[in-house]
Amino acid sequence: MERYAFFRQLGKAVYQIDGAYSVFSKNAKIKPNMLWLLSALNDGQAHTQSQICWDWNFPRTTVNTLVKELEKSGQVTLRPVPGTRRELYVELTPSGKAYADEVLRPVYEMEERLFRRYFAEHDTAFVEDLHRFALAMKQFFLTGDYDEQEDETQ
């Protein structure tokens, strides 16, 4: 496959996956970006807004707006990151965790069913490869180079 066809197919595949989640969020009556933010926060870890922006490729203003919305409704708490002046950890409150679980349960169930069915016959390694490629691409487009040794697939 030549370069143009490769990147065109890659872009179409990425946007088709995103479109599938958009269909879910529309049916669930939740903004797509809120769905992704809740998914990002629902791993039991504290995250900074900067890390969410980097990991999920959200504009800072989008994350800030969504976090403020969740904070106002008592779904998240913010706490300072030690050693920084302005960076804050964003964490789900117990009611926020319950809300995220409720909103995300149907998508998790659909993902589980699809995963079991699709990956009964396919290898999951492509996801790790795709993630490594996405990080290399992002770094390359930002700096003009990438570190082949750097592996951030966790």
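General observations
- Relative contact order [Cα under 8 Å, 6+ residues apart], region 3-103, whole percent: 24 percent
- Two-site FRET efficiency, Ala28 against Glu91, from Cβ-Cβ distance with R₀ of 35 Å, rounded to 0.05: 0.95
- Stretching the chain fully between Ser73 and Glu109 yields a gain of 10.4 nm (0.36 nm per residue, less the alpha carbon separation).
- Label selected from [x] 15.8, 47; [y] 17.4, 50; [z] 14.6, 48, the criterion being Rg and Dmax of the Cα atoms in Å as computed here: [y]
- Using a probe radius of 1.4 angstrom, the carbon and sulfur fraction of the accessible surface of region 1-113 is 55%.
- Note on the chain: Lys pairs 8 or more places apart or on different chains, Cα atoms under 24 Å apart, count 14.
- Mean residue ellipticity (222 nm) of the chain, computed from DSSP H runs ≥ 4 via -39,500 (n - 2.57), nearest 500: -21500 deg cm²/dmol
- Environment charge at Met1 (Cβ cut-off 15 Å; Lys +1, Arg +1, Asp -1, Glu -1): +2
- FRET efficiency for the pair Thr84 and Leu142, taken as 1/(1 + (r/R0)^6) with r the Cβ-Cβ distance and R0 = 25 Å, rounds to 0.65.
- Rounded accessible area per residue of the chain, 1.4 Å, Å²: 74 Å²
- Under the convention that each Lys and Arg Cβ holds +1 and each Asp and Glu Cβ holds -1, the size of the dipole of the chain around its Cα centre is about 880 debye.
- Other residues within the sphere of radius under 12 Å centred on the Cβ of Ala40, judged by their own Cβ, net out at -3 (K and R +1, D and E -1).
- Within-11-Å neighbourhood charge of Val76 [Cβ basis; K, R +1; D, E -1]: +1
The values are calculated or read from the model by the stated rules, or taken from the named source; none is laboratory data. Since the structure is predicted, the reported quantities are computational estimates derived from the model, not experimental observations. Heads up, the Cβs are rebuilt from the backbone with ideal geometry, glycines too, and the neighbour counts pull from every protein chain shown. The area values use the complete protein model at the heavy-atom level, side chains included, leaving out ligands, DNA and RNA. Shrake-Rupley method; radii C 1.70, N 1.55, O 1.52, S 1.80 Å.
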